[in-house]
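Engineer: The structure that follows is given in the form of structure tokens.
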Amino acid sequence: MLEANLECSLHLLVSAKTTIREESMKRTGAMILGLLILTGCSKDLAVTEVSMDQASKGVREFVQEVEGQGGAHLYEVGGKKEAYLFLTSGVVNMGEEASHFSNVKTESHGDTVTISFSREWTEDYWNDNLQYHSLYRITFDQDYDVIELYENESPSSFTVVGGE
């Protein structure tokens with residue numbers, strides 16, 4: 001009888017361990033699946049500074065065409081929800097001030113996306129901390145009808161717009 005109770009208790013203990021392990025695995029699997037769904041499906045409006053070698057051939061060719069013209073240049077990538085913003089001082093002669101850029105941000109309001117940045121001027125051509133040429137990838141979370149540009153909190157316009 002003692003042997004039967006011991007065997008029954010052992011069987012219940014093994015069953016309980018198996019059930020706990022299965023439940024733990026199910027919860028872990030559900031959490032991993034949830035994270036994959038959330039990260040795979042959440043495409044937020046975002047702006048990220050990128051290097052030229054991270055850009056496609058079309059973007060690099062566009063930048064080469066416009067880099068001598070100072071200003072804000074937009075390259076829209078066809079078939080994707082992304083664009084590239086190239087900010088450049090252009091060609092600066094000695095004695096002239098060069099512009100540098102910072103604080104690039106994006107916001108959305110309904111069917112309008114707003115791109116804003118700060119631009120300052122300097123004669124300090126050799127300051128490695130200043131960005132005289134910058135390339136940004138803008139990832140859209142939806143299709144937008146209007147893209148607005150703000151420079152130093154004032155409405156502005158793109159110098160050149162291109163795309164695929």
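What follows is calculated from the coordinates using simple rules that are stated; it is not laboratory data. Predicted, not measured: the structure shown is a model, and the values here were computed from it. Counting neighbours? That spans all protein chains shown, and the Cβs are built from the backbone with ideal geometry, glycine included.
Engineer: Using the charge dipole of segment 31-164 (Lys, Arg: +1 at Cβ; Asp, Glu: -1 at Cβ; taken about the Cα centre), state which of Thr88, Thr139, Thr114 has its Cα farthest towards the positive end.
Structural biologist: It is Thr139.
Engineer: Chymotrypsin sites (Phe, Trp or Tyr not before Pro), restricted to segment 87-135: which are DSSP loop and have at most 10 other Cβ atoms within 10 Å?
Structural biologist: Taking segment 87-135 and a limit of 10 other Cβ atoms within 10 Å, the loop chymotrypsin sites (Phe, Trp or Tyr not before Pro) found are Trp126.
Engineer: Further, regarding this structure: For segment 46-163, with only Lys/Arg (+1) and Asp/Glu (-1) charged at the beta-carbon, what is the dipole magnitude about the Cα centre, in debye rounded to 20?
Structural biologist: So the magnitude is around 360 debye.
Engineer: So, by mean Cβ neighbours within 10 angstrom, what's the order for 138-151, 72-85, 43-56 with the highest one leading?
Structural biologist: Averaged packing, sorted descending, gives the order 72-85, 138-151, 43-56.
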